1. How many percent of DSSP beta bridges within the chain run antiparallel, rounded to 5?
2. Rounded to the nearest 500, what is the 222 nm mean residue ellipticity of the chain from helices alone, with -39500 (n - 2.57) per DSSP H run of 4+ residues and division by all residues?
3. Please check: in the Gaussian network model of the chain (C-alpha springs, under 10 Å), which one of H153, H249, H211 has the largest mean-square fluctuation.
4. Ratio of alpha-carbon Rg to the 2.2 N^0.38 Å globular estimate for the chain, to two decimals, please.
5. So which lysines can K13 reach, going by Cα to Cα under 29 Å and dropping same-chain residues fewer than 8 places off?
6. Arrange F304, F101, F15, F26 by Cβ neighbour counts within 10 Å, fewest through most, would you?
7. Rank these for me by crowding, E177, E112, going from fewest to most other beta carbons within 10 Å.
8. How would you classify segment 71-163 from its alpha-carbon gyration tensor, with a ≥ b ≥ c the square roots of the eigenvalues: rounded for a/c under 1.5, else prolate if a/b is greater than b/c, otherwise oblate?
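Please treat every number below as a calculation from the coordinates, not as lab data. The model shown is predicted, which means the values in this text are computed figures rather than measured ones. Positions of Cβ are generated from backbone atoms using ideal geometry, with glycine treated the same way; all protein chains shown enter the neighbour counts.
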Amino acid sequence: MASPTLRVQGLRKSFGDLQAVDDLSFEVAPGETFGLLGPNGAGKTTSISMICGLLDRDDGEVEVEGTAIRPGSIRGRELIGYVPQEIALYPELSGRDNLVFFARLYGLKGAEAKARIDETLEVVGLTERAGDPVVDYSGGMQRRLNIAAGMLHQPRLLILDEPTVGIDPQSRNAILEAVAALGESGMSVLYTTHYMEEAERLCRRVGIVDHGRLLALGTRRELVALVDQHDRITIRVTGQAAAAAEALHRLDEVIQVDATDDQTLECMVATASSLLPRLVGELDRAGVGIVDLRVAEPSLDSVFLHITGTALRD
């Protein structure tokens, strides 16, 4: 296996009697979008501030591509792009001029700087508004330009701290599409959020954090397995649902089948995606037609509730 882009081991940070981060450990693989999912106050921002070297830590180690990241040290931090929750832009400058400024900070000049600025504006969907002052941008547009500034220097690791908080649905979707494109390009992304649907949409693996501790880590399927929940398939059929249920009982992967009325089945199965072709074939052999078929998978919401005992809170 390739060495991780990011390795976090045993991070701890307290503020007086408050243990903000408590023994946090995880890794982010090359090209992976990894999510830290937890409510406000869970310790996500404190954690990434230590990962970036912006905040001293009480204990623990951080490495990016094998280089130790330490507060006060520049070495290795050029590998990181950091997009904070707050808008870190100059409002009176245009979007393009903001990126020119940040490009210079990163040591980008001339044709290389122009090419990177054009590319990042395209990724975040702001090419047509690049000449306008940032003060005239909507909140969502400002957040998208924030992301562009963080990725100008093509970092090996891009860290995004709650990038969709407080914006309209259209801008939120534009940001999620931009982040998905970054993952597909091979950049490693560490994405913090308290929105379940964002973690499920973007992240290959998710770490659930609360009160400064990492409570669970894995793919959505691995996390769902912790709560022993199953996929649910609802099927409307032609003919008798009871006959269809009898046919589906012959499949080992079907855990439970109930005929809720004469033409509707509710099936509990282990993994719907792999079972569907066989399920459809079994119904066809039984002479049962399918009018409608819907699959519902367990969500991270149920996982968080199971692990913490409370629903995810703002």
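1. Numbers: 40 of 58 bridges.
Here the antiparallel bridges make up roughly 70 percent for the chain.
2. Here the helix-only value at 222 nm equals -10500 deg cm²/dmol.
3. H249
4. For the chain, the normalised Cα radius of gyration comes out at 1.21.
5. Partners found: K44.
6. The most exposed by this proxy come first: F15, F101, F26, F304.
7. Values: E177 14, E112 11.
Placing the least packed residue first, the sequence is E112, E177.
8. In terms of gyration-tensor shape, oblate.
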